[in-house]
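Worksheet: the structure to be examined is printed underneath.
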Amino acid sequence: MNRTIEEVKFLEGYFSEGDSILDVGCGTGRHIIEFCRKGYHIMGVDLSKEMLSVAENNLLGEHFESELARADASCLPFTESCFDHAISMFNVFLELLSRNERLEAPRQMKRAANGNGCIVIGLRVIGPFRKPSDQTHEIISLEDRDFWELIVDEKEKTPTEFS
């Protein structure tokens with residue numbers, strides 16, 4: 001089975017058909033296409049103009065209409081709670097070089113997702129990250145890939161150990 005199809009099928013366990021999803025670091029749009037095929041409303045953002053151009057062409061080739069925007073993961077241009085869920089797949093967070101960016105990006109994803117939504121960040125390699133504490137995440141695995149479902153302490157309102 002195609003890896004992207006596997007990942008989307010896995011993530012569907014956290015979502016309901018028709019939910020709106022923010023894909024932070026959408027790259028070429030591979031997850032967007034699969035979610036669109038399954039009836040989800042998805043918005044893709046990426047910092048790279050080149051990746052967004054490829055994603056736009058891929059979406060047109062599949063005849064899907066989905067919104068794309070150029071945005072920095074640590075400064076998302078969306079109002080509070082305008083999506084049901086937020087995802088960031090395949091090492092997007094390894095591109096965030098500063099500790100402040102790595103702390104702010106999940107805060108921004110949380111702000112953009114509604115309070116009952118799920119935030120999932122996928123990492124294949126931990127790289128420069130220190131493992132988050134058990135209070136801020138739960139590891140959910142698919143084969144050799146780990147995804148961190150952020151668990152937010154209501155007193156803190158943000159994952160404080162994600163650095």
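On inspection, Glu7 fails the criterion of being farther than 22 Å from Thr79 by Cβ and surrounded by fewer than 20 Cβ atoms within 10 Å (Cβ to Cβ). Being surrounded by fewer than 16 Cβ atoms within 10 Å (Cβ to Cβ), among the charged types (D, E, K, R) and either modelled with pLDDT under 90 or over 23 Å from Pro106 (Cα atoms) (or both) is a property that holds for Glu56. Would you be able to say whether some residue in the stretch 49-70 is touching an Asp or Glu at 6+ places or on another chain (Cβ under 7 Å), more than 13 Å from Ala112 (Cβ to Cβ), in contact (Cβ under 8 Å) with a residue 60 or more places away in the chain and not charged (D, E, K, R)? There is no residue in the stretch 49-70 that is touching an Asp or Glu at 6+ places or on another chain (Cβ under 7 Å), more than 13 Å from Ala112 (Cβ to Cβ), in contact (Cβ under 8 Å) with a residue 60 or more places away in the chain and not charged (D, E, K, R).
Of the numbered criteria (1) of a type in the set (A, V, I, L, M, F, W, C); (2) loosely packed, with under 13 Cβ neighbours inside 10 Å; (3) touching a helix residue (DSSP H, G or I) at 6+ places or on another chain (Cβ under 9 Å), the one Val24 fails is (2).
Counting only residues that are crowded, with 17+ Cβ neighbours inside 10 Å and not hydroxyl-bearing (Ser, Thr, Tyr), the stretch 59-71 holds 3 of them. Residue count for the stretch 74-116, restricted to those that are closer than 17 Å to Val8 by Cα and modelled with pLDDT under 85: 3.
Kindly provide the set of residues from the stretch 59-117 that are polar (S, T, N, Q) and touching a helix residue (DSSP H, G or I) at 6+ places or on another chain (Cβ under 6 Å), ordered by number. Across the stretch 59-117, the qualifying residues are Ser66, Ser74.
Being among the aromatic types (Phe, Trp, Tyr) and not in a loop (DSSP other than H, G, I, E, B) is the filter here, so list the residues in the stretch 81-124 that pass it.
Phe83, Phe93
The values are calculated or read from the model by the stated rules, or taken from the named source; none is laboratory data. Just so it is clear, the structure is predicted and the values come from calculations on it, not from any experiment. In this analysis, Cβ positions are derived from the backbone assuming ideal geometry, glycine residues included, and neighbour counts consider all displayed protein chains.
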